[in-house]
Number of protein chains: 2
Amino acid sequence: MPNVMRREEIAFLLYDFLDLENLGSRPRYAEAGRDVYDAILESVERIAEDKFEPHAAKVDANEPTFDGETVSIIPDVKEALDSFSEAGLMGVSFDEAYGGLQLPYLLNTAISAWFGAANTGTHGYAGLTMAAGNLLAEHGDQEQKEIYLKPMIEGRYFGTMALSEPHAGSSVGDIRTRAEPQDDGRYRLFGNKMWISGADHEMSENIINLVLAKIPGGPPGVKGISLFIVPRYLIEADGSRGERNDIKLAGLNHKMGNRGTVNCVLNLGESGGAVGYLVGEPHKGLAQMFSMMNEMRIGVGLSAAATGYTGYLHALAYARDRTQGRPLTNRDPSSPMIPIIRHADVRRMLMQQKAYAEGAMALCFFAARLFDEAASGDGEAAEEADALLEMLTPIVKSWPSEFGLRTNESAVQVFGGAGYTRDYPVERLYRDNRLNHIHEGTRGIQGLDLLGRKVPMEGGKAFRLLMKKISETVAEASNSDDLRESAQALEKWSQLAAETTASMGAKAGQVDPETYLANATIYLDMLGHVVVGWLWLKQAQAALKAIETGGAAGDAYYDGKIKACQYFFRYEMPVIESQCALLVSMDRTCLEMDEAGF
Amino acid sequence: MPNVMRREEIAFLLYDFLDLENLGSRPRYAEAGRDVYDAILESVERIAEDKFEPHAAKVDANEPTFDGETVSIIPDVKEALDSFSEAGLMGVSFDEAYGGLQLPYLLNTAISAWFGAANTGTHGYAGLTMAAGNLLAEHGDQEQKEIYLKPMIEGRYFGTMALSEPHAGSSVGDIRTRAEPQDDGRYRLFGNKMWISGADHEMSENIINLVLAKIPGGPPGVKGISLFIVPRYLIEADGSRGERNDIKLAGLNHKMGNRGTVNCVLNLGESGGAVGYLVGEPHKGLAQMFSMMNEMRIGVGLSAAATGYTGYLHALAYARDRTQGRPLTNRDPSSPMIPIIRHADVRRMLMQQKAYAEGAMALCFFAARLFDEAASGDGEAAEEADALLEMLTPIVKSWPSEFGLRTNESAVQVFGGAGYTRDYPVERLYRDNRLNHIHEGTRGIQGLDLLGRKVPMEGGKAFRLLMKKISETVAEASNSDDLRESAQALEKWSQLAAETTASMGAKAGQVDPETYLANATIYLDMLGHVVVGWLWLKQAQAALKAIETGGAAGDAYYDGKIKACQYFFRYEMPVIESQCALLVSMDRTCLEMDEAGF
């Protein structure tokens, strides 16, 4: 069994759980069926296993270096990305008009999961390029799409997003990079950027940086931010590569993990100003960037989920293979040792990993399905999907970042001492995954976004929609003897979440916003559990149906899904009871702590 | 404020919380008072900050190497350890008869915490040497103490413990190293050892390996294990260093963290057999080793606690210094940014870190106090302390390993992107701490030890004693307006833990041992929370008393303790409700999962 990704898991999520075939037949998508998807996935599996996974440890041990002139990255990274582009994978979900395949984003998500599991650092360049491409597809003008988007889809140019500055990370409204308008309609940018992934290397013909900056005279704060294309090399009128732009690498950040993705400190405008091209209207940059940011947030969740999932597969293989000790019911020291998967605590760890990692994967795939529904569904369905996706985005980003990491931590434990060495991949996966709670909006930011913005938006409309969808699943699943216990549990816990949310909402007007939002991160965890529990029940429904219809993965696989659903409701879900009690109490313990008391 | 360790925290734990002065005045201990202790601690602080902490990052980036002949370790490690020995710190708790200072183990624990916080990898050599020395002090004969123990206390010889083999880690009864008796009363050892910390380097005159092996013809399993002294160099009759013993380094393990402590694969007996000297009786090796193992388990917990605590101090300093964003009540982008410690979620993270790290430190110090009580108390008190310590050991090892790690994870989060780089110590501390759930008995092993052995021992006597002690604290604290809420919470949750334990015990006879122990790890977490909650209340009592008596650390510090106690009961403790419900249900979900279903 390969330990990067499981074919049957991807097939289950795409076809049994989310019905990609039906989705893909809509007019928005290029004519293609399961045969086409499977052929693509087959080539994905081959490239992921042959080109991406083999250098994952090597690029971790040999991270990108900068000699003051040039960034050096082991050649395996470029070779892998070239294979990726050559297989057409950069353009899977882009419109045919720009050279894409115009297939569902859900399929693209499955592909990203596979590469994220194989080597999240190397895949990062592709993920950033596709996200930047999507932003240009949505907000760029025709000329910008011709000049920049098409070569990105071909994999000739890579993309980045450049928001943060040394003094301004979470507080993006405080960026200082300024963009001076020039007579020719272009801008000259001056400033410093920090934490910019993929912004300097020699692996692509060009790097298209999407940079946030302020046009002097604009409004203060986030309302004065504009978005610019700042290519590493200017493009001549004939499309050829022109002179080097005034954007310089000041240094690299040396990370704990995720080392394959070069992370840059940039200086713009040291020699007259970096040439930038405004995207869309002035001062609308943050909203535009957020269309990329939301995609990146789903991408972060997916990377966390896939990194967790592949760690689980490694731990599972090790647990089947490694022998140690004997059953508690047979202590005869002369009897043979047993594979550690037969020990209760190892089974518990593996079950937890399965419930977390497959739950996280299902969550991200479900979000991608909502994205497609919003793009291809009819009026109401599309609207609902859009609202649901908007509300769920902080959860899609954070829940896998929390529980994917927890999965990797547990995978190390299954390996014991071996897991703590660099001879096995689990410690690296654990280090890689620690990033995901930080970038593209920290965990705390996601909590504020969910409780402060998404839940109350339009009078709580999206939240009510979520609860309605959950009730529908409960009603359906309650008819099944196999699922009734889990359905009743979901009903109980989702009602508690709804009551908690209502109670908090009722108190929101009476307390200051600091009190209302003091435990927003706990709310994020709590609602995340309810959403993942819901999706576990939906997975169990799909598994039961697959058993009834003789699904290809075999009964043991589907039965494992049903058991993992039970595990989630019995072991994991009940934790929200204490979280809800705390949330309703509007507790101010941490706020009231004297700063000198820490 | 220094970020290695806080003087007032150590003073609080030693003097306010555990009354070291009173303890130290007992006949067993050398005549010394607070002036002596404080002078020692002052020198500890200086050596820790000047000699240990400065190379912690350097030895992480430049781990020990092996060229096939010699292990190379950056010289800073030896320099630090020499300073440690020269200050007499290797002998703090050893008997004066062997050159020790004969001071309380509690004081030694404070010293270990300080060095563990400064540089756990370098301190590892000293910790192992002291633990090996304690084993020889307890089980060695007079000659062995003269030959090996004295130079260890002087810091000239270092010690190790060599249990694991490549095929036998948790399953120590399956070791294969054999010890052939020789005519001269010595033994020749043949076999392979794995994961042996500190077993090869050039930093000490000799390395005294305490090796588990089997004498041919003995009983199978753990009952046939004997313990041997296998020095790296044999010692001549005049005490000088003789020939190299037949114990060879086969290779080094390359770890995720804790890299300063060299970790070895050893071959014994490739050239005629490694000379070994039996310690105590044949076939009693495991019990003897356990007197060292128990000390090591407290040491592991302490290292986890100290690593967590120093991470908290780093995060706290960063949170006071780093500015970002504005209060939720003032969104004016032209107003200055605020230190991130003023943001609710950062405060919540810091409070959690404080509650975890200081709770873990208090737990380990309390265990050391029990150790001293057992060694110096009168009959009943000593007996009670011994029983309590025996029962609490798995918790002392595991709770800090879990929640110290969680503290370091959260410290990385406070730093944001900076925390994920190697420019700051928090990512290293996080990697270092991941080891502690693995070595000296994994988390799963600790759970089995607690629920399978320690709780039921002598008909639950030690468990009842724990509950009685908790009740006494509840009764005392209930009289205080400041502590009543926490006291009532402790009463509620400890009663739940007692009921859960009783209910499980009542069912134990009706179910097979696999079912009874299936969720032993969850029991370990659950009871750990109750014990740490109890000690938090005792800390709060001590803090309140210090406020009343005008303690030197100042009211804000003591008030912070009381608030952290409240936090623990409000935010952390309630999680055990769902754990207890699960435990009582004797759930078999993970056991019943088809192996093919994972």
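List of remarks:
- By DSSP, the beta bridges lying fully in the protein assembly as shown are antiparallel in about 80 percent of cases.
- The distance from the alpha carbon centre of the range A:52-107 to that of the range B:72-106 is 53 Å, rounded to a whole number.
- Ratio of Rg to Rh over the range B:409-448 (Cα coordinates, Kirkwood Rh, two decimals): 1.17
- With its label point put 7 Å out from Cα toward Cβ, A:GLU472 sits 6.2 nm from the same residue's point in the other copies, in order from shortest.
- For chain A, the spread of Cα positions along each principal axis, largest first, Å: 80, 59, 59
- Inter-chain Cβ neighbour average for residues B:323-332, partner chain, 10 Å: 4
- Solution diffusion estimate, µm²/s, Stokes-Einstein, the range A:97-255, Kirkwood Rh from C-alpha pairs, 37 °C, viscosity 0.692 mPa s: 196 µm²/s
- Neighbours of A:ASN108 by Cβ distance under 11 Å: Lys/Arg scored +1, Asp/Glu scored -1, total -2.
- A full extension of the chain between B:GLN142 and B:ARG241 corresponds to an added length of 33.7 nm, given 0.36 nm per residue minus the alpha carbon distance.
- Loss of accessible area when A meets B, both sides summed, Å² nearest 100, probe 1.4 Å: 8200 Å²
- Kirkwood-Stokes translational diffusion coefficient of the range A:210-280, alpha-carbon pairs, 20 °C, 1.002 mPa s, µm²/s: 151 µm²/s
- 0 to 90° range, to nearest 10: angle between helix B:34-47 axis and chain B longest Cα axis: 80 degrees
- Whole-percent pair-distance distribution, where bins are 5 Å wide, for the alpha carbons of the range B:1-84: 3, 12, 17, 16, 15, 12, 10, 8, 6, 3, 0
- Reach of A:LYS78 by Cα under 16 Å, taken over lysines that are not fewer than 8 positions away in the same chain: A:LYS51, A:LYS58
- Look at where the Cα atoms of the range B:1-27 and of the range B:366-383 average out, and the two centres are 17 Å apart.
- Sequence-ordered 3J(HN,Hα) estimates for the range B:83-94 from the Karplus curve with 6.51, -1.76 and 1.60 and θ = phi - 60° stand at 4, 4, 5, 4, 7, x, 6, 5, x, 3, 9, 7 Hz, glycine and proline given as x.
- Plainly put, the range A:50-118 has a radius of gyration that is 1.08 times its Kirkwood radius, both from alpha-carbon atoms, as the Rg/Rh ratio.
- For the range B:94-221, share of DSSP beta bridges that run antiparallel, in % to the nearest 5: 40 percent
- Descending by average beta-carbon neighbour count within 10 Å, the peptides A:101-112, B:206-217, A:496-507 line up as A:101-112, B:206-217, A:496-507, the highest first.
- Taking GluC sites (Glu not before Pro) across the range A:220-286, the ones in a DSSP loop with at most 14 further Cβ atoms lying within 10 angstrom of their Cβ are A:GLU236, A:GLU270.
- Here the mean projected area of the convex hull built on the C-alpha positions of the range B:328-373 is 3.9 nm².
- Note: the range B:14-168, Cα convex hull, 148 Å³ per residue.
- Label point at B:GLU69 placed 7 Å out along Cα→Cβ; residues across the range B:199-227 whose backbone nitrogen lies under 17 Å: B:201-203
- Gained length - B:THR549 relative to B:LEU591, 0.36 nm times residue gap less alpha-carbon distance: 9.6 nm
- Inter-copy label distances for A:GLU42: 7.8 nm (label point placed 7 Å from Cα along Cα→Cβ; shortest first).
- Rounded to 5, the percent of DSSP beta bridges in chain B classed as antiparallel: 80 percent
- Distance histogram in 10 Å bins (all Cα pairs of the range A:483-552, percent per bin): 18, 36, 23, 14, 6, 2
- Chain B: relative contact order in percent, alpha carbon pairs under 8 Å with at least 6 residues between: 12 percent
- Note on A:336-345: average number of Cβ atoms from other chains within 10 Å of each residue's Cβ is 5.
- Dipole of the range A:1-80 [Lys/Arg +1, Asp/Glu -1 at C-beta], most positive-end residue of A:ALA30, A:ALA80, A:PHE52: A:ALA30
- Model label points for A:SER334 and B:ASP378, set 7 angstrom from Cα along the Cα-to-Cβ axis, are 5.3 nm apart.
- Average beta carbon contacts from partner chains per residue of B:411-422, 10 Å cutoff: 6
- Note that the protein assembly as shown, at 20 °C in a medium of 1.002 mPa s, gets a Stokes-Einstein diffusion coefficient of 68 µm²/s from its Kirkwood radius over C-alpha pairs.
- Heavy-atom accessible area, probed at 1.4 angstrom with all protein chains present, ranks A:ASP587, A:ASP141 as A:ASP141, A:ASP587, highest first.
- Proximal charge balance of B:ARG156 [Cβ under 12 Å; K/R count +1, D/E count -1]: -2
- Across all directions, the shadow cast by the convex hull of the range A:229-347 built on its C-alpha atoms averages 13.2 square nanometres.
- Accessible carbon and sulfur surface of the range B:346-441 relative to its total accessible area, %, 1.4 Å: 47 percent
- Inter-copy spacing of A:PRO333 label points, which lie 7 Å from Cα along Cα→Cβ, given in nm from shortest upward: 7.2
- Radius 10 Å from Cβ of B:GLU270, net charge of other residues (Lys, Arg +1; Asp, Glu -1): 0
- In straight-distance terms, cross-link reach from B:LYS193 covers every one of the lysines whose alpha-carbon lies under 21 Å from its own, apart from those fewer than eight places away in the same chain; here that gives B:LYS214, B:LYS223, B:LYS248, B:LYS255, B:LYS284.
The values are calculated or read from the model by the stated rules, or taken from the named source; none is laboratory data. Only a predicted model underlies this, so the values are computations on that prediction, with no experimental measurement involved. Cβ atoms come from the backbone with ideal geometry, glycine included; neighbour counts cover every protein chain shown. Calculation scope for accessible area: heavy atoms of the full protein, side chains included, ligands and nucleic acids excluded. Shrake-Rupley method; radii C 1.70, N 1.55, O 1.52, S 1.80 Å.
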